[in-house]
1. Using the 7 Å Cα-to-Cβ label point, sort the distances from residue D:183 to its equivalents in the other copies shortest first and give them in nm to one decimal.
2. Based on the Cα coordinates of the range F:2-100, what is the per residue volume of their convex hull in Å³?
3. For E:24, D:215, what's the fewest-to-most ordering of other Cβ within 10 Å of each Cβ?
4. Would you tell me the mean number of C-beta atoms belonging to other protein chains that fall within 10 Å of each C-beta in F:71-81, as a whole number?
5. Other chains' Cβ within 10 Å of C:91-103 residues: what's the mean?
6. Cα centroid distance between the range C:36-59 and the range A:21-51, in Å?
7. Which order do B:60, E:174 fall in if you start with the one that has the fewest other Cβ atoms within 10 Å?
8. More than 13 angstrom separation, counting every C-alpha pair in the range E:47-108; what % is that?
């Protein structure tokens, strides 16, 4: 299925997330606010150092290393979009290259996130176009006509829907579901302030272990067998 | 088996490929002309950025992480050769180091391509010797006397024969079978010109999807069950 | 189990190893002297280039991506220690971040070695704190209370005990068991001298293959079936 | 987030899919009708041979190997449900065991699908409860309180939403999005009939290659560079 | 280093663990009592179904796929020992075969545990000798003279010392450190009784989630930033 | 390139290898005679237990999970052939299924060896057709027209040329290059006799370590730095 029309978050919401990029490692704070979830796996790598970008997901579901759906996704993108490609576990043919980059720039696409490989990295680095992927390989994929655009996908271990907010920094990629984006934006702003206060304590010489009283944390652990029996006993008596 | 004498491509052919290195990402164009094949897997990494080299394959088939055959391959190399090592799936002992590098330089070897690990990377970087491999590890492999030199091998997912042309750039490694090298060189030169024309169109604002009419491509896809039955019906009538 | 008190090597021994860091790729020489063993796997990567550090292992055995034991290990560390974390095969949640780094610096910890992921890499790079790990990911691990401190662990394929000497350079990480450290230090110093002499020969034009007479090495190989029968025959006659 | 109430497909729809289980390898036919998509990766394995089951997905999103959400998902299940667990890339602690199996049976759960490990396989085999997972390991995961129930997840490379139809046979696991289920059921029934006709031809001696005229298929392939230029030329003239 | 003499647990202790094998999945209970630790990774597989065995670890540290140390370990074994081999990440040459099996049986060895491959599986199955490993491959490893016997190793993610108790059942392999063995044996016996009581509750219709009151568990989770600030505030006031 | 005509080994040679199948684990003996090489990696698995087959390789080089070349290879096969497919690192779409099996049987193909996935395993097991592959998955690959037939490939870590002899038993798959096949056949027959004599010694109570005098083997190991210097010194004096 090729969905040409998707609901995107408001420009204000996108601007809100963009303003977070002034903080280091903001993907980490966002993930914290998402329940520690929604970060792509640790084998995702930037084509060059220093990529820090935010945008709206246009999703590509590929079969059998087929580029057709990725081409179509570029054509359906709007300025500020990020093309997110589920490469179906294939890492030995490239799903992105120079001509796709130039086409994407023509449409205002701001990044590509691929859980497969890319090629033409020398040109892409010169163009300064942010690509986050699993590796580089000269072989290009096929162009056969399989695949879907703007359907729910998984990419590098995270479910992504068209219109989700994608945030990238030096730590990797985080996916904010569109429906939660406003709440997560606010929570993240609050967390970054709390974090600041916390770091004052550490700068003064404390450790995280002291600050959260880690010795007490170790007491939380229980044998579920014992716990179950205790509860059972209690409810019997 | 240790083959001390192999057939190498002519200096003119090697020069022809070398002249292609003036183009960015030429491995991608060569792979296109090889039917999109013959690129090593995306987990091959350069010891330093900016490696762009071409040479003739001297092949090493190793067993049990044994360095003996790699030592011998260096001794059998001629100026312009690239030592290509099939490390038999082992990535946790090094198949290449500083002394091997210095030995190889003595023989005029221009690069090493290994689908295993290398060590002494600090010295190798200072020497500026191109090594493409799967990672770094301080453990050296054994020296026991197993292994073969200049026999057909696989390296990082590609079959390599002694005398094949090896091309390396920022995208990775491509293997051109010696018998096809002259044809592929010519085809690649042509492709790079075509590519140039194509990019003019994109620079003018087009996308790849528009240029190849990707909507038409999607119509190529068929259910092989239906297609088989249609054909059967046609031949019946 | 949380062991708050471990036996550390003497400052002299640590200083001895530290002085080796003036040589390139000293981890390789140390591994040679350890019988070619004790290097962590080739998928361990530094958070920034140029990390060269030595210290005493404080070990963390984690379960279920739980950070509690890592927090506690920092609190139990002394100046010059390196926190070594066995992440139990988990690479998609982070076991180290900015607050842990700042806490560790407060205690004089000189590096962290983790066979899992880390986050807050932008801050960690600014702080210049050496972390060697398997990748980066924004998701943080849990804080639940499982795990052990200063018990024998494995990290990236090597058994590590609290008090072992950890050496890191551009090739990766080597573990020197505390009991062998004095002997290995001496052996390594000797090897580095021998190495120097050997390299004189190579600089003069020789190859490793020539210097060790690799052709003779190939004759060492035997069919164990034949060898067994030969021995049997010999002992019969 | 823990969603206690999800929309499930109608009993008639489930019955329709269940009736397909009389055919061999029905997951393959369903995947064909889903555009060749939505099969879990090939590293998913049954706890015993011969598992053939269908049910409605109750989803579990785990963090840090935490079992709490899986326990809760069982409590929220209804007869005919299948618990589908996203194990966050962790394969070395178990996410399912005997007590969970017995609890699940109490609620009428018909299978568990986990992209991580399970334990107590000896008891689970005796109970005959279908578990499809990535391996077995005696270590149990933690119980700490992280995780979500009945939210969109990915499991073994496929996006899964609560209420999706899960089909398992000897080939693996296929996910049918709830919204498409009625259409896919009908298409699959049709395909299975077509398949039958096709196989008559093969039984009579034909090959797939002959039946689809594979020689013609090879002519479909194009150089996208050439194709783009042809199109460009055509539109110029 | 080759240690010919190791301290083994008493026959009574071994008998105690052996008697546990009458319970299903006893490795799981033992792991629970070891703090949920010490199970080998989920990619360890039995050469045939139904392996249930216990013994004392004789350890082998291999380099470069060298069999010499494994041969020596067999010669140094005593009746009731299990040979545990650290294969250094190599899975594509075999570390165990028929002749080694027959040699091991001659010495009373009761099993082999290898985090690499084995071969001659057809004969090993006929002999009924328990081997747990990562796969099968016809290539044998080298015999060169590297490697160590009866030193601390890691095997499949667990640190193993000579003399540790190894327990294998259908779930995999658990390592009980010799020093903890008596305590763990007693704890495991107790757990198996508790487990029995717990299962009575479940058989009566309860779920694990109900029995441990999982809803309460979810309340344990905290933001460490908030928790740290709360503690800080409390200690300030 | 599609080569319709390949040179096959003589029927006598094939019969010679077939007669070896009366021995257990003959792939291991053949690999020994090939210098311990040419076995496919340990992650290759049979679709059912007990596969023991020999045949002549018809090779398929696939791109982008495309089945077209596999279809064509079946059409070009002759009785006794084995279709060997290089799946280009893709394991999440199937390269073989029921219709291909039936087509292959029509042509007298005796097995399929694939370093990717297969599907329709329920039917393939009923048909008893030997398939050795990396896993099962319901998704079928594409049919687009890329790929080559009867060219040199790699499959599961071994270079394979059309006409090579393929031998499969419970240990996996071994590739005998056609040019070496006669010599290897004779060597293997001899080895199997020697093996028999060796096993008499072991049955009488010996161990492999004793029979080859493993203590002597350990003395073979050398420091290549020291060895090089010794040689240098010797040649100086």
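Computed from the coordinates by the stated procedures, all read-outs in this text should not be read as laboratory data. Bear in mind that the values here come from a model prediction, so they are computed numbers and not experimental data. Glycine gets a Cβ as well: all are built from the backbone with ideal geometry, and neighbour counts include every protein chain shown.
1. Copy-to-copy label distances at residue D:183, shortest first: 3.0, 4.5, 6.2, 6.2, 7.2 nm.
2. Details: hull volume 13.7 nm³, N = 99.
Spelled out: Cα convex hull of the range F:2-100, divided by residues, is 138 Å³.
3. On the way: E:24 20, D:215 15.
Ascending Cβ contact count within 10 Å gives the list D:215, E:24.
4. Numbers: counts 11, 7, 2, 5, 6, 1, 1, 0, 0, 0, 0.
Whole-number average of other-chain Cβ neighbours for F:71-81 is 3.
5. Values: counts 5, 13, 11, 7, 0, 0, 4, 6, 12, 4, 2, 9, 8.
That average works out to 6.
6. 24 Å
7. Details: B:60 32, E:174 28.
The fewest-first ordering by Cβ neighbours comes to E:174, B:60.
8. Details: 1191 of 1891 pairs.
Looking at the range E:47-108, the distances longer than 13 Å represent 63 percent of pairs.
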